[in-house]
Amino acid sequence: MLTREENEFLTQVSRGTPGGELLRRYWHPVAAAAEFTEEKPIKAVKILGEELVVYRDRNGRYGLVGEHCPHRSASLAYGRVDEEGIRCPYHGWKFDCTGRCLEQPAEPAESTFKDRIKHVAYPVEYLGGLIYGYLGPAPAPLLPRWDVLVWEHGKRWIVKESIIDCNWLQPMENSVDPSHLYWLHGDTERLAPQMKTYAEKHDFIRFEYGIKKRRTTLPLATGGESAVDEHPLLFPTVLRHVAPYNEGSGHRHNLQIRVPVDDFHTQVFRVNFLPMESERSPADAPVPVRFVQLKTGPREYKMNMIPAQDSMAWETQGRVTNRAQEHLGIGDEGVIALRKLLREQIERVQQGLEPLGIIRDPEKNQLIDLGVINERIGLFSTAPSGENPNRIAS
Amino acid sequence: MLTREENEFLTQVSRGTPGGELLRRYWHPVAAAAEFTEEKPIKAVKILGEELVVYRDRNGRYGLVGEHCPHRSASLAYGRVDEEGIRCPYHGWKFDCTGRCLEQPAEPAESTFKDRIKHVAYPVEYLGGLIYGYLGPAPAPLLPRWDVLVWEHGKRWIVKESIIDCNWLQPMENSVDPSHLYWLHGDTERLAPQMKTYAEKHDFIRFEYGIKKRRTTLPLATGGESAVDEHPLLFPTVLRHVAPYNEGSGHRHNLQIRVPVDDFHTQVFRVNFLPMESERSPADAPVPVRFVQLKTGPREYKMNMIPAQDSMAWETQGRVTNRAQEHLGIGDEGVIALRKLLREQIERVQQGLEPLGIIRDPEKNQLIDLGVINERIGLFSTAPSGENPNRIAS
Amino acid sequence: MLTREENEFLTQVSRGTPGGELLRRYWHPVAAAAEFTEEKPIKAVKILGEELVVYRDRNGRYGLVGEHCPHRSASLAYGRVDEEGIRCPYHGWKFDCTGRCLEQPAEPAESTFKDRIKHVAYPVEYLGGLIYGYLGPAPAPLLPRWDVLVWEHGKRWIVKESIIDCNWLQPMENSVDPSHLYWLHGDTERLAPQMKTYAEKHDFIRFEYGIKKRRTTLPLATGGESAVDEHPLLFPTVLRHVAPYNEGSGHRHNLQIRVPVDDFHTQVFRVNFLPMESERSPADAPVPVRFVQLKTGPREYKMNMIPAQDSMAWETQGRVTNRAQEHLGIGDEGVIALRKLLREQIERVQQGLEPLGIIRDPEKNQLIDLGVINERIGLFSTAPSGENPNRIAS
C-alpha cells in the first residue's frame, strides 16, 4: 500500500519528475524501422510525455526531434524530409537530426537567426528492427544488445500493440507476478488447463539487469516432476519471456518492451525470435512488423488473446492504479521487490549516481544471453550452439 | 431559482453527500434478470457514483459487489462465477455475495489474510424481472411491491434505455410537470393532437409514497367533459404511469424508474404491465427485457419516440441544469413541490430520521395498488378483479 | 513571443474578456441562408462562446436567440417556429426575434409573468447568402458590403467548412503570413510548383479596414518579371483573396470568414464569386452552400485540399498556440503587425472608442471594392465594368 505521493514518485514519467528522470537514463524504442516507407518517412510519437517525430531522411538516417517547430509550433509530422533532414510544412524551416536549424527561407540571406535556434533532438539507434531513442543526459549509455535482438540463427519479427490506457508500472508489476499466469491466462479464459491445480513456488533474484523471476510448478500441479520457468524483468521496462510455438514444436523467445507514452498510456512493442535451422537473421536484415488491436471498444477486450487479457487487467486497475487501496500478500513478493528496486534506483539518480543495468563496456554488450529456461515447454537451456553468449551467472 | 449550493444539495448522488445519503435509503434496480446468461453471468454497473458488478452465481443467486478487486483493483467484471461466488480474473481471489473473501490462491495455505479482507457488497433482491440493490445502512427496508411489479393477470416486460446524460432530478421534475405532455409530446412532435387547445388544471397531492399528480383536461380542450389523469411520483426516483396500448384497446401500466448512475448520468428502466385475460405472469416467471437506444448521435434524438423527446428536454437542460438561471411560474407548482419534499427528506436523513415512503411492515407491502386513473383513455379504476389490492386512499 | 497573459488578452472571445468585447463590435456570419428549409428551420450555433439558435420563421424572417429557454433551459433547437417566432419544445413558451416572450401556455390567462421575461436576442441581417448576427452594444454598425458579397456580374456560392479545433487568431495570423503560400501549399504538398525557387518581398500596409498584404514574387522565382499579389486582411476575422479558377481561365474571388466559436474552435465560411458574362447574381438570389469536411480522423487531414493544409498548420500549433515558445523572425513581420493592430483595437474598445473598420455611413457602404490584384494569375485590376465601385486608395 502506497500513499498518493509515493505512488506518484514511482509512476510519473515527465521530464523533471523523479521517475521521469530515471526513465531518461535508458534507451526506449520509438518505432519499428519497418513502419517507415518512402511515402511515409515521418511518424509522430509521444514518449515520456514528450511530443516528438521520428523520421528517416533520404540518406536512410533516422532522426528524433520535437514535433512542434520552434518557429511557430506547427507539426513536423506533416513535413518533408530530404538528404539532410526534416523541413517544417508551414514555412520551410529545416533541421538536421542534431536539432541544428539549416534553413529559414523567409529570413534574409545574411541572417544569423537560424544559428541561434536549437531544436529538441535526441540520439537514435537501430537494433533488431527497432528504432531506439535516448532522452537523457549525455553521454548516452550503450544500447543493450539483448539476445532476442541480436541472435541470428532463426526468424525475428515485431508486434506493435494498440496503445494501452494505463501507466507503465502496471504492466511491469505484472512481469514479477507469477501467479497471474495460472489465473488470468489459464483459469479465467480456460486456456490450456494443463495443470491439475494451482501449486507453485516463486523466487525473485535481483541481478545486474533487473529481477529474475523463477516459477517452480510443483508436483501437485504437474502430476509429475517439479518444473522451473525462469526469465527476467530487464529493469525498468522490459520483460524477457519464452513461449511455446506451433503447438510446442518450437520456442518463441520474446522481449515485451513497455514504453511509457505519458503518465496514463503505454506503447508495447514485442520482439519475437524463433530459433530455426533453416533461416538466418543477420543484423542488417529487415524485421517485419505487425500491428495488433487489443480491443474492439471502450471496455471490450479480445479476451481470446493473451496480450488482451493482460491489458484488461492493467487498464481496469485504473489509469494509474490507486495503490492506497490495494491489499498485498505473500503472493505479491515480486511486486514489492520491484517497487523497492525502482525506489532505490530513482534515489540513485537523484543522488547523481548511475542506476541499475546501465552498460558502458562494449565487451559486455556483444550479445547478452539472458539464460531463459522453461522446463514445462521443454526449454532447459537457451544458448544455441554456434553463438558466443555472454551468459549471465544466475 | 436555486443557488449553486442549493442545487448541489438536491442533486448530488455520491456517498457522503446530502442527496446521496437520502438516495441510499431506497432500493434501486441495478439490472434486469434477463440480462444474465450462463455465458454472461456478470455485468459492470455504476450506481450512485459507485463502480460495482452484479452477477448470478452457478446456484442462481445474485450478488452486488465492488467492481475492483480489493487485492490490486482489477475488474471483477471479467471474472468467473461458480457455485459460491465470483472470482477475480487476475489472481483468482474469490468472494461471496456478502463480500467475504473465500480464496486467495497465491497465499500460503495457513494464511489468515483472507479473513481480514471485507469486500464492498450490498444486498440484492429480485422482483418483477428486476434485480434491486440497496446501498444504505442496515437494516434495509422492504423492497416496495408496486402493483406493476406484482400483478399476475397479464403480461409484463421491461425496457432498458440507453443511459441519459444528465442528473436524475431532471427526469423526476418532469414527472410532476403536467403541461409538458401537451407541448413536448403533443405539439412539438405533432403526435396525436386529440386536443383542440391547451386547457388544463393541475393538483399535486403529497401522500405516503410521494406526490400524486392530477391533470384535469378541461372542456375547452376535450370538446366534451372534463377528464382526469392521475398518477403518482413514487419518491424519490419512480414515475407510475399508464398509457393507451394498441390504439386504445388496452392500458399499458408502467413504472419509469430513474436510477442515478452518477451526478451526470441516469439509467432508466421501464417496467410495463398489460392486463390480459389470456395471460398470467406469476412472480417467478421470467420477464423479457428489450434495449432501446434513444439517440443516433451526440445531438440527434429519435424524436418520433416519446422517451427520446423526454431525454432531449432533460439533456439539453444541461448535465446538471443551472437552476440559478431558470424562471419558474404557476405552471411549475409541481416542480417546486418536489424540490420542497426532496429538501425536507434530505434534512430528515441528516437528522437521523427515516425519510418518506420507507416500508418496514410486510402487511402493507403485499401489493401496493397505486390507484392510477386516466379518464381520457378510458381507465376509471385500476384494481383488477381477483387481486387483493392494498389500495391507497387518495 | 508573448507571455501567457498577453496571449489570453489577444485570443479570448467570451463576453467580458478584452478580446471578446472587441469581437462583439463586428458582425459575424452565423449560418448560410441555404441551410434552412421548411422542415429544418432552426439551427443551433455557438459563436463567441455563446450557445444560440438561428431560425427562420414562417414569414421568412430570421432570428438569433439564446439556445436555452429562460424558463427551464431546454433547447430551442428542437422547438417549432410559426409566423411570429420560435416556441420551446418543452412547455411551449414562445419568443419573437427581439427576445420578447409572447406566450407561456401553462400560466394563467391574466398573468403578466411573460412581460417580465427578456430572452437573449441579437439583430440579424442577410447579405450575399449569409445570415449575419451582431452580439455587441447598440447601435449596431452597418454590415460591411464587401465586393464579393455584393457583386452581381457572375456566380456566387458558399462553402462551409468542418469546424477547426483551434483559436481564431491562428487562421488570421496565417492571412498576413505570405511565405506559407510557397511552403505549405507549394512545396509541402508539391502543388503547382510554378516557381523555380523561393524569392519574395513582402509589404504590410495598414488601411481603413485592416491590413493589405502585398507579396512581390521576384524575378529569381518567376524566371521573368516581378509579380505582385495584393489582397487585404479585413480586420478582425476576414481574408479577402483571389485564386485562379478552372486552370486559370477565370478568377475566383473569395472571402474567408473565420468565426470564433469559442476560445478553442473556429467556423470558416468561404464566399466565392466568379465574374462571368453569362450569369448574374442579384442581391435577392439564393446562394447555394456546400459543406466540406477537412479531416478523415483526429490527426488525418485531406492534405490534397488547400484549406485542409491550412487547418493542419493551425490546429497543430495547439488549441491556443503557446506564443511564449515561438521564435519570430523578419519573415513574421505581418504577424507582428496584426498582433500590434489587435492589441491597439482592444485597448480602444476598453477606452470606449470605436475600433478599426466600423462603418456607419451608408454612402461608403454601397459596394466596398477591395482592389485585389494578383499579377501571376493575370489579375491586374478588380473593378468590373458596369459596377460603381467605392474603390479604396492603396
Quote the accessible area belonging to residue B:284 in square angstrom, nearest 10, computed with a 1.4 Å probe and with ligands, DNA and RNA left uncounted.
-> 130 Å²
Whether region A:213-359 is rounded, prolate or oblate, judged on the alpha carbon gyration tensor where a/c under 1.5 counts as rounded = rounded
Which value, in square angstrom to the nearest 100, describes the accessible area buried between chains B and A on both sides, using a 1.4 angstrom probe?
-> 2300 Å²
Mean residue ellipticity (222 nm) of the protein assembly as shown, computed from DSSP H runs ≥ 4 via -39,500 (n - 2.57), nearest 500 = -4000 deg cm²/dmol
Taking the dipole of region C:241-394 about the Cα centre (Lys, Arg +1; Asp, Glu -1; charges at Cβ), the one of C:329, C:313, C:366 that reaches farthest to the positive side is C:313
May I ask you to derive the FRET efficiency for residue C:115 and residue B:37 from their Cβ-Cβ distance with R0 = 60 Å, giving the value to the nearest 0.05?
-> 0.50
Cα centre as origin, Lys/Arg/Asp/Glu Cβ charges: region C:183-277 dipole, Debye | 120 debye
Once you average over the residues of B:138-150, how many Cβ atoms of partner chains fall within 10 Å of each Cβ?
-> 0
With a 4.7 Å Cβ cut-off, tell me which Cys residues in the protein assembly as shown come up empty for a partner.
-> A:97, A:101, A:166, B:97, B:101, B:166, C:97, C:101, C:166
Within 10 Å of each Cβ of B:66-79, how many other protein chain Cβ atoms are there on average?
-> 6
Counting only the backbone N, which residues of region B:107-131 are under 18 Å from the spot 7 Å out from the Cα of residue A:6 toward its beta-carbon?
-> none
Taking Cα atoms, how many degrees apart are the long axis of helix A:333-350 and the longest axis of chain A, rounded to 10 and kept between 0 and 90?
-> 30 degrees
Working from Cα positions, state the angle (0 to 90°, nearest 10) between the long axis of helix A:306-316 and the longest principal axis of chain A.
-> 80 degrees
So the carbon and sulfur contribution to the accessible area of the protein assembly as shown, 1.4 Å probe, in percent, is 50 percent
State, to one decimal in nm and shortest first, how far the label point of residue A:381 sits from each corresponding label point in the other identical copies (label point: 7 angstrom along Cα-to-Cβ).
-> 9.6, 9.6
Could you work out how far apart the two model spin labels at residue B:319 and residue C:305 are, taking each label as a point 7 Å from the Cα in the direction of the beta carbon, and quote it in nm?
-> 3.1 nm
For the protein assembly as shown: accessible area per residue (Å², 1.4 Å) | 41 Å²
For chain C, size of Cβ-based charge dipole, Lys and Arg +1, Asp and Glu -1, in debye | 200 debye
Work out, step by step, the length gained on full extension between residue B:58 and residue B:83: first 0.36 nm times the residue separation, then minus their alpha carbon distance; give nm to one decimal.
-> 8.6 nm
Here FRET efficiency (C-beta to C-beta, residue B:185 to residue B:153, R₀ 30 Å, nearest 0.05) is 0.60
If every Lys and Arg gets +1 and every Asp and Glu gets -1 at its Cβ, then about the Cα centre the protein assembly as shown yields a dipole, in debye to the nearest 20, of 60 debye
Between the alpha-carbon centers of region A:312-331 and region C:249-316, tell me the distance in whole angstrom.
-> 50 Å
In region B:302-319, the residues losing 50 Å² or more of accessible area (1.4 Å probe, heavy atoms of protein chains only) relative to their chain alone are B:316, B:317
Measuring from a point 7 Å out along Cα→Cβ, what nm distances, shortest first, does residue C:330 have to its partners in the other copies?
-> 7.8, 7.8
What lysines sit close enough to residue A:213 to cross-link, taking a C-alpha to C-alpha distance under 18 Å and skipping anything fewer than 8 places away on the same chain?
-> A:201, A:340
Computed E for residue C:243/residue B:226 - FRET, C-beta separation, R0 51 angstrom, nearest 0.05 | 0.15
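The values are calculated or read from the model by the stated rules, or taken from the named source; none is laboratory data. What you see is a predicted model; the values in this text were computed from it and never measured. Virtual Cβ from ideal backbone geometry, glycine too; neighbours counted across all protein chains shown. Surface accessibility is based on the protein's heavy atoms, side chains included, excluding ligands, DNA and RNA. Shrake-Rupley method; radii C 1.70, N 1.55, O 1.52, S 1.80 Å.
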